[in-house]
Amino acid sequence: MTALPEDQPQLIAEDDRDTAVQRLQKAYTEGHISHEDLDERLHQVLTVKTHSELVSALASLPEEDAGTTSTIAAAGGRIQRRGVWRVPRTLKVESAFGRVHLDLSRAVIEHPVVDIELQLGTGRAKITVPRDAIVDLDALHTGWKDSHYKPRRHSRPGGPRIRISGAMGFGRLKIRHARR
C-alpha cells in the first residue's frame, strides 16, 4: 500500500463531512454550543477541503463516543458473521481451534475506524471488507503462515479503516475486498 506524501494535505470525503455535521448537531442539541456557534461551524464544515481544516472546525467539542467493544469467542467450531449486522468500534475474536469468517461487505459500519483483534490458535480466518475499505495489518502477528491480502489499486476515498491486530498461531488469515 502506498502512502500519501507528507506534504500533501489529505482531502476529506463526503462521509467525513456528514459525520462532522452530525457531531455539530448533537453538540448543539446537548447544549455544548450556541446557535451562532453552530451556524458558524456548519458553514466551516460544509466549505473546508482538507482533513486538518475539518478537525479545527470540530475543536473543543466533547469527545465522541468511541463505541462498544464486543467479544466473540469459541473453543472450537465456526465463528461466522455475515449479512446485515452492526459492527462495533472494537471487535475481539477468540478461537482456539475453529474457523472464523467475518463478512463486513453488507454490515452496518458506523465508525470511521474499526479495530478487529484476533486471538486465534489453529484454523483459518477469512475477512471480507467493504469495497472502499482501507486495511491495516501492521499490528497482527502470525506464527506459521503469513496473511494473504492484496490492497485494492483503485479504491475510493472515504471508506472505513479496518485495523486488524492480535496473534494467529497455525492458521492463515485471508482478507479480500467485496466485489460490489
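Rolling a 1.4 Å probe over the protein heavy atoms leaves ARG99 with an accessible area of roughly 110 Å².
Can you give the Kirkwood hydrodynamic radius of region 91-131 from its Cα pairs, in Å with one decimal? That comes to 11.2 Å for region 91-131.
In deg cm²/dmol, rounded to 500, what helix-only [θ] at 222 nm does the chain give when every DSSP H run of at least 4 residues adds -39500 (n - 2.57) and the total is split over its residues?
Numbers: 3 runs with 36 residues, N = 180.
So the calculated ellipticity at 222 nm is -6000 deg cm²/dmol.
Taking amide H as placed 1.01 Å from N in the peptide plane, the amide H of ASP136 sits under 5 Å from that of ILE162, ARG163, ILE164, each at least 5 places away or on another chain.
Within the assembled protein chains, the solvent-accessible surface assigned to TRP144 is about 150 Å², based on a 1.4 Å probe. Here region 29-177 is treated with +1 on each Lys and Arg Cβ and -1 on each Asp and Glu Cβ, and its dipole about the Cα centre works out to around 1620 debye.
Any idea what the alpha-carbon Rg over 2.2 N^0.38 Å comes to for region 15-118? Provide the component values of the computation, followed by the final result.
Working: Rg = 18.4 Å, N = 104, 2.2 N^0.38 = 12.8 Å.
Rg over 2.2 N^0.38 Å, computed on Cα atoms: 1.43.
Return one quarter of the surface area of the convex hull spanned by the alpha-carbon atoms of region 90-180, equal to its mean projected area, in nm². Each step should come with its number before you reach the end.
Numbers: hull surface 21.5 nm².
Orientation-averaged projected area of the Cα hull: 5.4 nm².
Exposed loop sites, defined as GluC sites (Glu not before Pro) outside DSSP H, G, I, E and B with at most 14 other Cβ atoms within 10 Å, are absent from the longest region of the chain, namely 111-180. Simple rule: put +1 on each Lys or Arg Cβ and -1 on each Asp or Glu Cβ in region 10-87, find the dipole, and look at ALA27, GLN44, ILE72; the Cα lying farthest toward the positive end is ILE72. Normalised by the number of residues in the chain, the average gap of Cα pairs under 8 Å and 6 or more apart makes the relative contact order 18 percent.
Hey, what's the chain come to in accessible area per residue, 1.4 Å probe, Å²?
Working: 11430 Å² over 180 residues.
Accessible area per residue: 64 Å².
Working note: Cα atoms of region 67-140, range along each principal axis, descending, whole Å: 31, 27, 23. In order along region 165-175, the Karplus-derived 3J(HN,Hα) couplings, from 6.51 cos²θ - 1.76 cosθ + 1.60 at θ = phi - 60°, round to 9, x, 9, 10, x, 10, x, 10, 9, 10, 10 Hz, and Gly and Pro are given as x.
Relative contact order of region 88-138: 49 percent, from C-alpha pairs under 8 Å at least 6 residues apart in sequence.
Over the chain, the hull volume per residue, using the convex hull of the C-alpha atoms, is 127 Å³.
The values are calculated or read from the model by the stated rules, or taken from the named source; none is laboratory data. Treat the numbers as computed from the prediction; the structure is a model and nothing was measured. Counting neighbours? That spans all protein chains shown, and the Cβs are built from the backbone with ideal geometry, glycine included. SASA here: full protein model, heavy atoms, side chains in, ligands and nucleic acids out. Shrake-Rupley method; radii C 1.70, N 1.55, O 1.52, S 1.80 Å.
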